Amino acid sequence: MIEQKHTITEIAVTDLLKKTGECHEKGHRLVQIGCTPLGDCYEINYTFTTSWDFESLRITVNDGDKIPSISGIYWGAFIYENEIHDLFGLTVTDINVDFQGHLIETRIPSPFKNAPPVTKVKKGGDA
Amino acid sequence: MGNQIVVPFGPQHPVLPEPIHLDLVLEDERVVEAVPTIGYVHRGLEKLVEKRDYKDYVLIAERICGICSFTHSVTYCNAIERIMGIEVPARAQFIRTIWMEYSRMHSHLLWLGLTADAMGFENLFMNAWRLREEILDDMEATTGGRVIQGSCKVGGIRRDISDDKLGEMVDHLKKIRPLLEESNRIFTHDQTVRHRMRGLGVLSKEDAWDLGAVGPTARGSGCDMDVRSSGYSAYGELGFKPVVFTHGDCLDRCLVRSEEVLAAVDLVERAVAKMPDGPIEEKVKGNPDGEYFAFSEQPRGECMHYIKANGKKNIVRHRVRTPTLTNIPPLVKMLEGIEMADVPVVVLTIDPCIGCAER
Amino acid sequence: MQIFTMTKRALANLVGKPATLMYPATPAKQYEISRGHVIIAIEDCIYCGNCQRHCVSQAIVVDREARTWEIDRLRCIICGVCAEVCPKDCIFMEPDYPPSTTGTAMEFVQGPPAPPKAEKKPKAEE
């Protein structure tokens, strides 16, 4: 099996727009934006590619931090940014199509927000 | 200039079985803007990974989607295997590839049928689904399930296919190939189909690339983008060539899928011819520790499974970026400026799978 | 030449058998490995509880003391993991589906009372 190459660069939140702009100039396409809750902070990966060598920019944010939207550079980014807002309760500023939390309508507001305590399930019990 | 009105479209719609809601801003009969809303089938499967053993989760990963089920489980397994450094035996890789191509065939035939149905071509719809049934029969005879295969596991596959059965499968494919070609011919040449779909919902190559279109949506617009060319599983050894069309309209997205069914038949035949012998699974010990982005080409497009694990039985984060989610921005672009009556057909051509998009 | 391709198709459809089955009258297509439902040969069961531990949907409950094996048919996703992990190979997948139901579908299997000596022996081997 041939592996797809993947480089991950950790950057500061303030550099995000600059670095994303550079990626756009190089002709990369946006693959995804994904958020990982790590208990006390969130890690957000912005993945770009031209062929099968993927590049990820990684920022680390805390609850209540404001994340600048990259939807000014990549128009299609709004879907991921609204998803992050709806599922994780993070604030993304200046999205081009802002759904105000109505893209994914969940019964519990921001259900993926931080890691909740994992409840022990007894054997054969209900998960 | 007429007044602008907003027409809600979905989540329940006679043409579209998928629960996507679109607020269509209309000016007379023309769509000016479309605002999508999803979330009607959010199941929180990504969250479930924190409660379940990572080996058991393969079966849940498979249930993310009812159509690309097998591809989801393979992608998940690829990610885990990469993190743990497991070398999957060649025979398992080949059989996985065969099943993935089978699921591509049945998914595309299902979609072709649905499209025919959406434009009122009932006969073609029945025809496509009859062919799909033949594919599903082979699928059930080898995995035991029609759409949920449950045959992939971390480190290999659960069930082997005997060489006799592989031969039978190829014979069967040879038998239905003329029928597939016939239905392909209808999609390419039939006046009804062309009239309904040519020049409709055009997505330019630049837009497709920039908005992150993937899969048949991108390939219909001339982007040569297919993860299978990167050679995961056994694709590297099968001499794979992507199917690309250039007009970027509904008909080309349709033809990409129609051609890919035939390409999938070729791939299965080649995979059977090259099938290596050997074990079908590798013993898995311990727990994963690390992170990996696994990419694969699903029937609907490029799919990504991101896994972050910390050496425990439960994985920290499993993020799935499904093709439908990333195809929504291009869809919004496509819808701008078309007639209200064409909306269902255009929405259908990205092959929306909202169950996937929301996990 | 359009008309001739159509005639061919129309004739084939007219003369050929229907592609569908009259389902309840004709039984549905089944294969040897079709996964329909799980059954157990309880007389071979050693009540080790392996199937319960590996069941992904927690549908199986094994009681060693009472010698019972219980499955919730509505929870079961028919993945076949229990059949794979069973050390005695006494769980099987049957190709036909269980009947539909409106209530619960618990299935209770009571094992035969064990002869006290035969119970001890296989354990010592392990």
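The values are calculated or read from the model by the stated rules, or taken from the named source; none is laboratory data. None of the values given here were measured: they were computed from a predicted structure. Because the Cβ atoms are built from the backbone with ideal geometry, glycine has one as well, and the counts that use them run over all protein chains shown. The accessibility values were calculated without ligands, DNA or RNA, using every heavy atom of the protein model including side chains. Shrake-Rupley method; radii C 1.70, N 1.55, O 1.52, S 1.80 Å.
Condition check ((1) more than 15 Å from the chain's Cα centre (by Cα); (2) among the acidic types (D, E); (3) open to solvent by 60 Å² or more (accessible area, probe 1.4 Å)) across all residues:
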{"position": "C:N13", "(1), (2), (3)": "yes, no, yes"}
{"position": "C:P18", "(1), (2), (3)": "yes, no, yes"}
{"position": "C:K29", "(1), (2), (3)": "yes, no, yes"}
{"position": "C:N50", "(1), (2), (3)": "yes, no, no"}
{"position": "C:R75", "(1), (2), (3)": "no, no, yes"}
{"position": "C:C86", "(1), (2), (3)": "no, no, no"}
{"position": "C:I91", "(1), (2), (3)": "no, no, no"}
{"position": "C:E94", "(1), (2), (3)": "no, yes, yes"}
{"position": "C:Q110", "(1), (2), (3)": "yes, no, yes"}
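Of these, C:H37, C:H54, which one is open to solvent by 40 Å² or more (accessible area, probe 1.4 Å) and either in contact with a Leu (Cβ under 6 Å, 6 or more places away or on another chain) or within 14 Å of chain B (Cβ to nearest Cβ) (or both)? Break it down stepwise before answering.
Numbers: C:H37 fails: open to solvent by 40 Å² or more (accessible area, probe 1.4 Å).
On inspection, the qualifying residue turns out to be C:H54.
Tell me the helices (runs of 4 or more DSSP H) entirely within the range B:289-358 that contain at least 2 residues that are away from chain A (no Cβ under 13 Å) and touching a strand residue (DSSP E or B) at 6+ places or on another chain (Cβ under 8 Å). Steps first, please.
Numbers: elements: B:323-335, B:343-349, B:354-358.
Correct list: B:343-349.
Considering only residues of the range B:147-182 that are farther than 30 Å from B:E87 by Cα and open to solvent by less than 10 Å² (accessible area, probe 1.4 Å), which is farthest from the other protein chains (Cβ to nearest Cβ)?
Looking at the filtered set, the residue picked out is B:L173.
Inspect the range B:187-210 for any residue being in a loop (DSSP other than H, G, I, E, B), open to solvent by 70 Å² or more (accessible area, probe 1.4 Å), away from chain A (no Cβ under 14 Å) and not β-branched (V, I, T) and give the result as yes or no.
At the first step, the residues of the range B:187-210 found to be in a loop (DSSP other than H, G, I, E, B) are B:190, B:198-204.
Next cut, open to solvent by 70 Å² or more (accessible area, probe 1.4 Å) only: B:198, B:202.
Retained after the next criterion (residues that are away from chain A (no Cβ under 14 Å)): B:198, B:202.
Next cut, not β-branched (V, I, T) only: B:198.
Checked against the condition, which is being in a loop (DSSP other than H, G, I, E, B), open to solvent by 70 Å² or more (accessible area, probe 1.4 Å), away from chain A (no Cβ under 14 Å) and not β-branched (V, I, T), the range B:187-210 yields at least one hit.
Only one of (1) among the polar types (S, T, N, Q); (2) touching a Lys or Arg at 6+ places or on another chain (Cβ under 9 Å); (3) crowded, with 24+ Cβ neighbours inside 10 Å is not met by B:N314, so which one is it?
Answer for B:N314: the failing condition is (3).
Which of the residues spanning the range B:132-163 are in a helix (DSSP H, G or I) and more than 18 Å from the chain's Cα centre (by Cα)? Working first, answer last.
The initial filter retains those residues of the range B:132-163 that are in a helix (DSSP H, G or I), namely B:132-143, B:163.
Of everything in the range B:132-163, those that are in a helix (DSSP H, G or I) and more than 18 Å from the chain's Cα centre (by Cα) turn out to be B:E134, B:D137, B:D138, B:E140, B:A141, B:T142, B:T143, B:D163.
Given the structure, is B:V41 open to solvent by 40 Å² or more (accessible area, probe 1.4 Å), in contact with a helix residue (DSSP H, G or I) (Cβ under 6 Å, 6 or more places away or on another chain) and within 12 Å of chain A (Cβ to nearest Cβ)? Can you show your working first?
Working: open to solvent by 40 Å² or more (accessible area, probe 1.4 Å): yes; in contact with a helix residue (DSSP H, G or I) (Cβ under 6 Å, 6 or more places away or on another chain): yes; within 12 Å of chain A (Cβ to nearest Cβ): yes.
Here the answer is yes, as B:V41 does meet what is asked.
What is the number of the single condition among (1) more than 7 Å from chain B (Cβ to nearest Cβ); (2) open to solvent by 40 Å² or more (accessible area, probe 1.4 Å); (3) at pLDDT 80 or above that A:R107 does not meet?
Every listed condition holds for A:R107 apart from (3).
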